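Asks: Pasting a structure below so you can have a look.
The values are calculated or read from the model by the stated rules, or taken from the named source; none is laboratory data. What you are looking at is a predicted structure, and each value in this text was computed from that prediction instead of being measured. Positions of Cβ are backbone-derived with ideal geometry, glycine not excepted, and every protein chain shown enters the neighbour counts. Ligands, DNA and RNA are stripped out before the accessible areas are found, and what is left, the full protein with its side chains, is counted by its heavy atoms. Shrake-Rupley method; radii C 1.70, N 1.55, O 1.52, S 1.80 Å.
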Amino acid sequence: MSKLGNLGARLHRGEIGYDFVKNRKIWYGLSILITITAVVGLAVRGLNMGIEFQGGAVFTTPKNVSVSVSQAEEYAEEASGHDAIVQKLGDGSLRIQVAGIETDKANQIKNQLSDDLKVDAEQINAELVGPSWGEQIANKAWQGLGIFLILVVIYLAIAFEWRMALAAFVALIHDITITVGIYALVGFEVTPGTVIGLLTILGYSLYDTVVVFDSLKEQTKDLTKQTRWTYSDVANRSINSTLVRSINTTVVALLPVAGLLFIGGGVLGAGMLNDISLSLFVGLAAGAYSSIFIATPLVADLKEREPQMKALKKRVLAKRAQSAAKGETAQEETGDESYGDEPEDAAPAAVVGPRNQPASRSRGRGRPSGKRR
């Protein structure tokens, strides 16, 4: 078995782990800092809305135009009086995009570009987008996003519980804010492809979160009937048991998206790939982060406010303190207790943490210790 596979197996069995829930304030603080940066970038720079949302015209020149991109951009701005975006396509033609102009000015701009670029006006293809159509597209995008979030909350509240629904909703808003803020800071154009990418990464982020929640739901059945684990301990175990799987799926998903973004958009100059690839790249990374560091620790915070969970935590801590005072391990003190479907030789959710965390239940050559033989 590979080292990563062995690590994943040990994490799943609970033999090793990291206390994500204990350090949740660090993750909350980091997320708040990133979110504030994204909001400030959005407020200061704003989004560079594409022509589909603003309205305008797109002019495509014939192949092998002997004019540089920067020169063509200057010509387009002089002819239209607006900012222009010029991209060189693979066949050597230029795509000149001018947003925020009236459609009746398109012919005038086309004729001016024909003179400046020294090509026949009939060879320049003009596509017009009215501002009312762009506004409809923007409204539909917001409606789609709102419906998606509402359905997500309803589904999670039914399938799990309202605390998990709330935590997943916070994680999704976190991912949206970061992705939109990165777009504002980088200045990439927002197009319908961006919206598609955003909805795609929200689905991916939700999937990753639901996997952890499902594990957490299974492991917390009859939790209050034992005195070995608190809710945070089990939440930690759920994160660690799915950690390698989350890392693997995220890396595999990021590799092709990185190829689109850095090679397709950056090296090869296919700028239109940036519309969807940046939202996918940032969103996939933010989604994996939020499912591990935000959603599950937040659920643990909310659950441990319940009276039953507070009482359970007191009993567990008292039991551990009693075991420590007697010089015994937590396993020797509670060797006959288990809950749910967890095997008796199961290990704790995390052993990298406070010293009062319960120790692993297997030792020596794997023979379970305790009174049972």
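Asks: Residue check: is Gly81 surrounded by fewer than 18 Cβ atoms within 10 Å (Cβ to Cβ) and free of Cβ contacts under 8 Å to residues at least 24 places away in the same chain? Talk me through it step by step, then tell me what you get.
Replies: Values: surrounded by fewer than 18 Cβ atoms within 10 Å (Cβ to Cβ): yes; free of Cβ contacts under 8 Å to residues at least 24 places away in the same chain: yes.
So Gly81 passes the test.
Asks: Name every residue in region 86-96 that is at pLDDT 80 or above and open to solvent by 10 Å² or more (accessible area, probe 1.4 Å), in order of residue number.
Replies: Listed by number, the residues that qualify are Val86, Arg95.
Asks: I need the full set of residues from region 199-236 which are over 20 Å from Ala165 (Cα atoms) and either assigned to a helix (DSSP H, G or I) or touching a Gly at 6+ places or on another chain (Cβ under 7 Å) (or both), in order please.
Replies: Asp222, Leu223, Thr224, Lys225, Asp233
Asks: Between Glu127, Glu122, which is more than 24 Å from the chain's Cα centre (by Cα), of a type in the set (D, E, K, R) and part of a helix (DSSP H, G or I)?
Replies: On the way: Glu127 fails: part of a helix (DSSP H, G or I).
The match here is Glu122.
Asks: Please work out which one of (1) surrounded by fewer than 16 Cβ atoms within 10 Å (Cβ to Cβ); (2) under 19 Å from the mean Cα position of the chain (by Cα) is the condition Thr224 fails and give its number.
Replies: (2)
Asks: Which of the residues that make up region 170-187 are surrounded by fewer than 20 Cβ atoms within 10 Å (Cβ to Cβ) and not aliphatic (A, V, I, L, M)?
Replies: Thr177, Gly187
Asks: Hey, among Val58, Val44, Val98, Val65, which residue is assigned to a helix (DSSP H, G or I) and aliphatic (A, V, I, L, M)?
Replies: Val44
Asks: Being open to solvent by 50 Å² or more (accessible area, probe 1.4 Å), more than 25 Å from Glu52 (Cβ to Cβ), acidic (Asp, Glu) and in a helix (DSSP H, G or I) is the requirement here; does Glu135 meet it? Before you say what the answer is, go through the steps one by one.
Replies: Values: open to solvent by 50 Å² or more (accessible area, probe 1.4 Å): yes; more than 25 Å from Glu52 (Cβ to Cβ): no; acidic (Asp, Glu): yes; in a helix (DSSP H, G or I): yes.
For Glu135, the condition - open to solvent by 50 Å² or more (accessible area, probe 1.4 Å), more than 25 Å from Glu52 (Cβ to Cβ), acidic (Asp, Glu) and in a helix (DSSP H, G or I) - is not met.
Asks: Right, here's the next one. Considering only residues of region 196-210 that are open to solvent by less than 40 Å² (accessible area, probe 1.4 Å) and not small (Gly, Ala, Ser), which is farthest from Ala253 (Cα to Cα)?
Replies: Val210
Asks: Tell me which residues, restricted to region 48-70, are surrounded by fewer than 17 Cβ atoms within 10 Å (Cβ to Cβ) and in contact with a helix residue (DSSP H, G or I) (Cβ under 7 Å, 6 or more places away or on another chain).
Replies: If the condition is that a residue be surrounded by fewer than 17 Cβ atoms within 10 Å (Cβ to Cβ) and in contact with a helix residue (DSSP H, G or I) (Cβ under 7 Å, 6 or more places away or on another chain), then Pro62 is the only one that fits.
Asks: Taking interchain pairs and intrachain pairs at least six residues apart, which have beta carbon atoms under 6 angstrom, with the first residue in region 273-290 and closer than 10 Å to Ile201 by Cα and assigned to a helix (DSSP H, G or I) and the second at pLDDT 85 or above and of a type in the set (S, T, N, Q)?
Replies: What qualifies is Ser279/Thr179; Val282/Thr179; Gly283/Thr179.
Asks: Can we say Glu127 is open to solvent by 80 Å² or more (accessible area, probe 1.4 Å) and in contact (Cβ under 8 Å) with a residue 40 or more places away in the chain?
Replies: yes
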